[in-house]
Amino acid sequence: MSRVVAADPVIRIEGVAKGFGAVAAVAGIDLDIAEGEFFSLLGPSGCGKTTLLRMLAGLETPSAGRIRIGGADMAGVPPHARPVNMMFQSYALFPHLTVEGNVAFGLRQEGLPKLEIRRRVAAMLDLVQLGELAGRRPQQLSGGQRQRVALARCLVKQPRVVLLDEPLAALDKKLRRQTQFELVRIQNQVGITFVMVTHDQEEAMAMSTRIAVMDRGRILQVGSPQEIYRRPADRFVADFIGDANFFDGIVGGPGEGGLAVSVEGLAAPLLAPGDAPAGSRVTVMVRPEAIRMGEDAADGAGNRLEGIVAGIAYHGDASLFQVALASGRMVKVSAAAHDLGRGDAVRLWWPAAGGWVLR
């Protein structure tokens, strides 16, 4: 793929590959990450994201290519000499040390003066809001508190880059959501570049300034959460990020607000923005929340369908409806139409801009 260039890159990855025997874990990646970004490597298990993170940390050696951090080539530079610090999924806290002792450990290894260590540790514990727990040991802390201790231990050494390996995986769902905001707040406050590995799409979307979606050792798309969600590069990215409806068809030519795509089983072509020549086979992606449902869903230019409510999943402020078309196709719709029930006839409508043509 072509190089994705970020302004003032603190990390530059050039043609980096890594193989384990006959398996290509990372297959020739080019990527720039800018100073101060919260950048996420997102993908399914085995896609190569953790291997790439470990190469940034110096825990794995590239089979090919080059990694630069802060402008310096990292070839042959051991982990402890790199301007990065890594927070592991297990947190790896020392059980015999207090919170203060864990955070201070790296600074003591460097031989810093005691007053400087105390000053920096106190400032960092205030940042992660653990000052009152400085004397406790890890086993006396909650999962979220242990996570913040591990982060403070990374940040106190003032690295150029913090590497996060599935940092919220050990937390329950409610605590994960709370901690997402905390991590973003801390990253914004210190201004250090964060590079996070995750397989959780919601987590990456909520926390990142940019995301690289990976599969089979390659980067498929890099962009902001909004770009990747609304304008995915291909069907894998569209399907992996959030929920979506997919309509396979043939481009008939330009229509009002986009391309007109003929889909088998639908009476009229679907309209969606995109770039594809007439006669080519494409997929129209439509997110469930882009679709209006109800009696007023026939207003304005765009796409219209009719069907029967076949299933409802209640999600609080909105529900996910399964609407069966006459062709037997199921369409997913996210709406707050709580007065509808299974078996009700409904109209669906969405503007051309609510979809996207995938080549």
Notebook entry, point to check: Would region 204-223 turn up any residue that is in contact (Cβ under 8 Å) with a residue 60 or more places away in the chain, more than 16 Å from S40 (Cβ to Cβ) and assigned to a loop (DSSP other than H, G, I, E, B)?
Noted result: yes
Notebook entry, point to check: Within region 226-246, restricting attention to residues that are surrounded by 19 or more Cβ atoms within 10 Å (Cβ to Cβ) and without any contact (Cβ under 8 Å) to a residue 40 or more places away in the chain, which residue is farthest from G354 (Cα to Cα)?
Noted result: V237
Checklist line | The lone exception for F181 - which of (1) of a type in the set (F, W, Y); (2) closer than 21 Å to R54 by Cα; (3) assigned to a helix (DSSP H, G or I) it fails | finding: (2)
Notebook entry, point to check: Restricting to region 327-349, what's the tally of residues that are of a type outside the set (K, R) and either assigned to a strand (DSSP E or B) or touching a residue at least 60 places away in the same chain (Cβ under 8 Å) (or both)?
Noted result: 11
Next item on the list: Output the residue which, of all residues in region 107-116 that are of a type in the set (A, V, I, L, M) and over 15 Å from A152 (Cα atoms), is modelled with the highest pLDDT.
Entry: L115
Note to self: Taking the conditions exactly as written (hydrophobic (A, V, I, L, M, F, W, C), under 15 Å from Y91 (Cα atoms) and surrounded by 21 or more Cβ atoms within 10 Å (Cβ to Cβ)), does V213 satisfy them or not?
What the structure shows: no
Notebook entry, point to check: For region 35-106, which fully contained strands (runs of 3 or more DSSP E) count at least 2 residues that are within 27 Å of A123 (Cα to Cα), under 17 Å from the mean Cα position of the chain (by Cα) and at pLDDT 95 or above?
Noted result: 38-42
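Please verify whether region 50-68 includes one or more residues that are in contact with a His (Cβ under 9 Å, 6 or more places away or on another chain) and free of Cβ contacts under 8 Å to residues at least 60 places away in the same chain.
Yes, the conditions are met somewhere in region 50-68.
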Item checked: Residue selected from region 14-34 under the condition more than 21 Å from G191 (Cα to Cα) and among the β-branched types (V, I, T), by the criterion modelled with the lowest pLDDT -> V23
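Determine, yes or no, whether L59 is more than 19 Å from M196 (Cα to Cα), surrounded by fewer than 21 Cβ atoms within 10 Å (Cβ to Cβ), out of contact with any Lys or Arg (no Cβ under 9 Å at 6 or more places or on another chain) and among the hydrophobic types (A, V, I, L, M, F, W, C).
no
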Margin query: Restricting to region 292-312, name every residue that is under 12 Å from L340 (Cα atoms) and either modelled with pLDDT of 90 or more or of a type outside the set (G, A, S) (or both).
Written below: M293, E295, I308, V309, A310, G311, I312
Next item on the list: Would you mention how many residues in region 313-323 are surrounded by fewer than 16 Cβ atoms within 10 Å (Cβ to Cβ) and assigned to a strand (DSSP E or B)?
Entry: 2
Next item on the list: Please enumerate the residues belonging to region 72-102 that are surrounded by fewer than 21 Cβ atoms within 10 Å (Cβ to Cβ) and without any contact (Cβ under 8 Å) to a residue 24 or more places away in the chain.
Entry: A72, D73, A75, G76, V77, P78, P79, H80, A81, G101
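Please go through region 107-123 and give me each residue that is hydrophobic (A, V, I, L, M, F, W, C), within 20 Å of R82 (Cβ to Cβ) and either in contact with a Ser or Thr (Cβ under 9 Å, 6 or more places away or on another chain) or outside any loop (DSSP other than H, G, I, E, B) (or both), ordered by number.
L107
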Notebook entry, point to check: Assuming V184 fulfils every condition listed in (1) buried (at least 21 other Cβ atoms within 10 Å of the Cβ); (2) over 16 Å from L31 (Cβ atoms) apart from one, which condition is it?
Noted result: (1)
Next item on the list: Count, please, the residues in region 125-140 that happen to be within 29 Å of L59 (Cα to Cα), surrounded by fewer than 18 Cβ atoms within 10 Å (Cβ to Cβ) and not charged (D, E, K, R).
Entry: 1
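The values are calculated or read from the model by the stated rules, or taken from the named source; none is laboratory data. Here the structure is a predicted model, which is why all the values come from computation and not from measurement. A quick note on method: Cβ atoms are made from the backbone with ideal geometry, for glycine too, and the neighbour counts reach across all protein chains shown.
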